[in-house]
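The values are calculated or read from the model by the stated rules, or taken from the named source; none is laboratory data. Computed from a prediction, not measured in an experiment: that's the story for all the values here. Every residue, glycine among them, receives a Cβ derived from its backbone with ideal geometry; neighbour counts consider all protein chains shown.
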Amino acid sequence: MEEMMMKIEEAISWIHSRLPFGSRPGLDRVEALLEVVGHPEKQVKTIHIAGTNGKGSTVTYLRCLLEEAGLTVGTFTSPYIESFNERISINGQGIPDEDLIKLVQKYRPLVKQLDRFEAIAGITEFETLTAMAFDYFLCQKVDVAIIEVGLGGLFDSTNVAVPLLTGITTIGLDHTDILGDTIEEIAAQKAGIIKKNVPVVTGNIEAKALKVIKKQARIKNAPLYVLGENYEITYQHPAADWGEIFTFCSEKGKIASLTTGMLGQHQVENAGMAVELYQIYCSLEALPFREKEINKALKKAYWPGRMEKLSETPFVVLDGAHNTHAVKRLVQNLKKEFKEYQITILFSSLRTKDTKQMVKQLKEVPNVHIYLTTFEHPKALELSSVLSLIGEKVSVVSLWQFGLAEILEKMTDEDVLVVTGSLYFISEVRQLLLQLGGKHEV
């Protein structure tokens, strides 16, 4: 009876209880769990996406393209911005509470059972969710599932996937404590998702990292489609309202004036890579590749917390630039898109990130003032560690809620507030702003 009455909070709490911050490389535990449930990962058509940044946006563009072609598309992504359920979604709709509860009721005893065996004890939150996602997608008979790597690639629990197609968006120095200190070491981890004879598409990747990927693709005999070699993206200009316009060109021909639904010049790379993945998917699955559907799909794509305009008056933008690689892109966007505004940045990060370098990059924006803060999270930034950064363009606010209220109160038509840093932080601020009456405007 107790199982029948489980509430969603209880179900999510159990998932979180599975070592939420534990990271133990290797696929033994997740494979043991998948074996117990009949290996759903081998029965779901999958597209597997890795990369330091741009994974979430690329997954969203690709999902919209596949949906526009009439397919039912599962997505497994992390972290979440609006609700936990969005991590496992079908056609952009998070898993319903009752289905998530059923999965927890199914998996809780199985995980408990496996905990008795030392070699596979301690199945983590992410491993549990990976198994649940494949299981759910199989039950719901999705046409294809797009699976986003959690961390790295080679030893990430999503690497149990048996993909039709793989993609690597970008490579930068992030999670160096786990993935390695050099671009080459990190590239080797990401290239771990490349499978024998399975096509792989790459985004904007620097030469040193690309060399590692090319070598791995040769070893695995995986057809490789490289941005700048096999397909081209030509950035044109910002769209009149929100988004960017670009031209896509591949061996199949040229598509002019495509518009992204998200702002930022790097979004054309994410969207262009999604178009290339979609084109290859259509070839593999003998689906028609229709130009008019492509523009419609890309315009629809929306990913909360990525250059998201939350409100027009006051002008508030959220962007989860959670590492130095993403902050570099944000700085480029701010310099280009918001030249005429006074920019206020409310920033917080996890203490595992290079906060000092990120703040140093943000200070490069000409008309900017940065407020550093902290938030509720076990790994949140400690303000005592950033006091040395206080100066001409930088202040500290101990409670972000008060800092936010003060900033909003002073804003005029010449101001824009950009909330950035950790996606966990963005999510908290976003919830409060929506309660205060902000809304997503396209």
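Of all residues in region 281-298, how many are in a loop (DSSP other than H, G, I, E, B) and crowded, with 17+ Cβ neighbours inside 10 Å? Walk me through how you get there before you give the answer.
Here is the first cut: in region 281-298, the ones in a loop (DSSP other than H, G, I, E, B) are 285-290.
The next check asks that each one be crowded, with 17+ Cβ neighbours inside 10 Å; those that pass are 289.
Residues in region 281-298 being in a loop (DSSP other than H, G, I, E, B) and crowded, with 17+ Cβ neighbours inside 10 Å: 1 in total.
All but one of (1) surrounded by 19 or more Cβ atoms within 10 Å (Cβ to Cβ); (2) in contact (Cβ under 8 Å) with a residue 60 or more places away in the chain hold for SER89; state the number of the condition that does not hold.
All conditions are met except number (2).
Does region 13-23 include one or more residues that are modelled with pLDDT under 95, touching a helix residue (DSSP H, G or I) at 6+ places or on another chain (Cβ under 6 Å), closer than 17 Å to ASP115 by Cβ and not in a helix (DSSP H, G or I)?
Yes, region 13-23 contains a residue that is modelled with pLDDT under 95, touching a helix residue (DSSP H, G or I) at 6+ places or on another chain (Cβ under 6 Å), closer than 17 Å to ASP115 by Cβ and not in a helix (DSSP H, G or I).
Determine whether region 131-150 contains at least one residue that is assigned by the TED database to the domain that holds GLY26, within 30 Å of HIS16 (Cα to Cα), surrounded by fewer than 24 Cβ atoms within 10 Å (Cβ to Cβ) and small (Gly, Ala, Ser).
Yes; the residues of region 131-150 include at least one that is assigned by the TED database to the domain that holds GLY26, within 30 Å of HIS16 (Cα to Cα), surrounded by fewer than 24 Cβ atoms within 10 Å (Cβ to Cβ) and small (Gly, Ala, Ser).
If you scan region 360-389, which residues turn out to be surrounded by 13 or more Cβ atoms within 10 Å (Cβ to Cβ) and of a type in the set (A, V, I, L, M)?
Of everything in region 360-389, those that are surrounded by 13 or more Cβ atoms within 10 Å (Cβ to Cβ) and of a type in the set (A, V, I, L, M) turn out to be LEU362, VAL365, VAL368, ILE370, LEU372, ALA380, LEU381, LEU383, VAL386, LEU389.
All but one of (1) in a strand (DSSP E or B); (2) modelled with pLDDT under 95 hold for ALA240; state the number of the condition that does not hold.
(1)
Yes/no matrix, rows are residues, columns are (1) in contact with a strand residue (DSSP E or B) (Cβ under 7 Å, 6 or more places away or on another chain); (2) touching a residue at least 40 places away in the same chain (Cβ under 8 Å); (3) of a type in the set (A, V, I, L, M, F, W, C):
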| residue | (1), (2), (3) |
| --- | --- |
| SER13 | no, no, no |
| GLU35 | no, no, no |
| GLY54 | no, yes, no |
| GLU67 | yes, yes, no |
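Considering each of ASP354, ASP415 in turn, give the residue that is of a type in the set (Asp, Glu), over 21 Å from ASN53 (Cα atoms) and either touching a Ser or Thr at 6+ places or on another chain (Cβ under 7 Å) or outside the structural domain of VAL317 (by the TED database) (or both). Before you say what the answer is, go through the steps one by one.
On the way: ASP354 fails: over 21 Å from ASN53 (Cα atoms).
After applying the criteria, what remains is ASP415.
Among (1) over 17 Å from GLY305 (Cα atoms); (2) surrounded by 22 or more Cβ atoms within 10 Å (Cβ to Cβ); (3) basic (Lys, Arg), which single condition is LYS102 missing?
(2)
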